[in-house]
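Written below as structure tokens is the structure these notes are about.
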Amino acid sequence: MKNYQISINAQWRPETLERILRVVRHRGFVAVDLQSHLENQQIKIALTLQSERELSLLTNQLIKLYGVTDVTIVGNEH
């Protein structure tokens, strides 16, 4: 399995984290580490993921989510 690290910035809403995790699961990725921080109605999420799939399959969907303002690839390990 490949390991990936991504960073997500989004406008805070009660359902934001749930939506992100649902897309992660539906796209075939496993969240092995998650850190989130809320500041000034913005949520910053750091995710470590595992999957056999290409990361672009996930990031292209995450950026489409309502309120998500940025998705950044922090690191890849094969």
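If I ask for residues that are touching a residue at least 12 places away in the same chain (Cβ under 8 Å) and either of a type in the set (Gly, Ala, Ser) or surrounded by fewer than 17 Cβ atoms within 10 Å (Cβ to Cβ) (or both), which ones from the range 6-16 would you list?
Within the range 6-16, SER7, ASN9, ALA10, GLN11, TRP12, ARG13 meet the criteria.
Taking the range 36-60 as the region of interest, how many residues are more than 14 Å from ASN9 (Cα to Cα) and more than 10 Å from the chain's Cα centre (by Cα)?
9
For residues that are assigned to a helix (DSSP H, G or I) and in contact with a strand residue (DSSP E or B) (Cβ under 9 Å, 6 or more places away or on another chain), tally how many sit in the range 61-78.
1
Would you pick out the residues in the range 39-60 that are part of a strand (DSSP E or B), surrounded by 12 or more Cβ atoms within 10 Å (Cβ to Cβ) and either free of Cβ contacts under 8 Å to residues at least 40 places away in the same chain or of a type in the set (S, T, N, Q) (or both)?
GLN42, ILE43, LYS44, ILE45, THR48, GLN50, SER51
How many residues are of a type outside the set (Phe, Trp, Tyr) and part of a strand (DSSP E or B) if we restrict to the range 1-22?
Qualifying residue count, the range 1-22: 9.
Each reported figure results from applying straightforward, stated rules to the coordinates on display, with no laboratory input. Just so we're clear, the structure is a prediction, and the values are computed from it rather than from any experiment. Positions of Cβ are backbone-derived with ideal geometry, glycine not excepted, and every protein chain shown enters the neighbour counts.
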